[in-house]
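The values are calculated or read from the model by the stated rules, or taken from the named source; none is laboratory data. For clarity, every value in this text was computed on a predicted model and none was experimentally measured. Using ideal geometry, Cβ is built from the backbone for each residue, glycine included, and neighbour counts are taken over all protein chains shown.
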Amino acid sequence: MARIPAALCSGALLMLFCAMPAGLIAAADLTFDVRIEQGRVPQNMRRIRVEQGDAVRLRWTTDRPIVVHLHGYDIQKTVEPGKATEMTFTAHATGRFPVEEHEPNARGGHSHGEAALLRIEVHPR
Ligand SMILES: [Cu+2]
């Protein structure tokens, strides 16, 4: 597990913290409000950056019913107009994880929209 670099660990008060895995003391609770309009997310929300161990909450709203799927973490939610729908997870796995729209198809499976709604980047701590 990642530890805080020793250079940052001067002083007796920090000793206790520095003995702990960095993820335990620095993880953040992060909430992102994501508005979908006509199946798209505003440009400035298409890349969400978090750090490993963060508790992440996405609060989705939409102007039409839509099914969103966070790949990798494999969380799927149906979002309806008029109420926020939450998607929560702890960012254990690092990497880039797209959230895509799921569209039912004729064979009873699903397909994805042409582009990801957004990507979540989980950076190593
Ligand atoms: Cu999917």
* Can you tell me which residues in segment 33-58 are closer than 14 Å to residue 118 by Cα, of a type in the set (D, E, K, R) and within 15 Å of the chain's Cα centre (by Cα)? -> 33, 35, 46, 47, 49
* Sort out which residues of segment 30-57 are hydrophobic (A, V, I, L, M, F, W, C), in contact (Cβ under 8 Å) with a residue 40 or more places away in the chain and part of a strand (DSSP E or B), and write them in order of number. => 34, 36, 48, 50, 56
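Answer with yes or no whether residue 61 is modelled with pLDDT of 95 or more and closer than 12 Å to residue 36 by Cβ.
Numbers: modelled with pLDDT of 95 or more: yes; closer than 12 Å to residue 36 by Cβ: yes.
In short, yes.
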* Quick check: is even one residue across segment 98-118 of a type outside the set (A, V, I, L, M, F, W, C), under 19 Å from the mean Cα position of the chain (by Cα), loosely packed, with under 15 Cβ neighbours inside 10 Å and modelled with pLDDT of 95 or more? -> no
* **Pick from segment 35-79, criterion among the small types (Gly, Ala, Ser) and surrounded by fewer than 19 Cβ atoms within 10 Å (Cβ to Cβ), ranking: farthest from residue 124 (Cα to Cα)** => 39
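Determine which member of the set 108, 72 is at positive phi, within 12 Å of the ligand (Cβ to nearest atom) and assigned to a loop (DSSP other than H, G, I, E, B).
Residue meeting the stated conditions: 72.
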* **Failed condition for residue 124, given (1) within 17 Å of residue 28 (Cβ to Cβ); (2) under 11 Å from the mean Cα position of the chain (by Cα)** => (2)
* Asked: Which one is farthest from residue 120 (Cα to Cα), of the residues in segment 18-34 that are at pLDDT below 95 and surrounded by 15 or more Cβ atoms within 10 Å (Cβ to Cβ)?
  -> 18
